[in-house]
Amino acid sequence: MTEQAGRQRVVEQRGLYYEEFDTATRYVHQPGRTITEADNVLFTTLTMNTQALHLDAAYAQTQPFGQRLVNSMLTLAILVGSSVAQLTQGTLVANLGFGEIAFPHPLFHGDTLYSETTVVSKRLSASRPGQGIVVLAHTGRNQDGDVVATATRSTLVWSADAHAASKQA
């Protein structure tokens, strides 16, 4: 950090403002997240999902994948969550919704989820001055590079000047 007139400069961790989102950029989120059996069982039971494919090892062995599957909602939560620090921490006004979501390949206990995001589109909000709508395409891959999840997400984010002004108001 640099000192200015005896004061330290403050750098706040944040996501991107509307102006900073770039449709020509692929945002790679680090680190990856290795999904454990405990993660899957806890998430599955917390969300009251009784699907035996997530909880019953003996049953899952008799099914086409031969083992328990990671709950797809956990996969989606980690896929989106891993993007927050880099893209929307402190700059998000609201999640507006999710578009197409797909899980083209299973995720298993011990697999590592790596995620990245591209910007599909962005436009200034007509009804909320100083904010913009950014549509994000999230992609998750396992440690072998197989795509395990995709999702599009519409977000409402601050522009830099409007956010600064809202903090002073």
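Here, each number is a calculation from the coordinates, and none is a lab measurement. The structure presented is a predicted model; accordingly, all values stated were derived computationally and were not measured. FYI the Cβ positions are ideal-geometry reconstructions off the backbone, even for glycines, and counts take in every protein chain you see.
List of remarks:
- Rounded to the nearest 20 debye, dipole of the chain from Cβ charges on Lys, Arg, Asp, Glu: 500
- Surrounding net charge for residue 112, when Lys and Arg each add one and Asp and Glu each subtract one, Cβ distance under 13 Å: -2
- Paired Rg and Dmax values of the chain, which use every Cα atom, in angstrom: 19.4, 69
- Residues 73, 48, sorted so that the one with the fewest Cβ neighbours within 10 Å comes first: 48, 73
- Estimated from helical segments only, the mean residue ellipticity of the chain at 222 nm is -6000 deg cm²/dmol, where each DSSP H run of four or more residues counts as -39500 (n - 2.57).
- The residues 121, 154, when put in order of fewest to most other Cβ atoms within 10 Å, stand as 121, 154.
- Seen against the Cα atoms of the chain and their longest principal axis, helix 37-46 is set at about 80 degrees.
- Local electrostatic count at residue 62 - Lys and Arg +1, Asp and Glu -1, tallied over other residues with Cβ under 12 Å: 0
- Fewest neighbouring Cβ atoms within 10 Å first, the residues 167, 122 line up as 167, 122.
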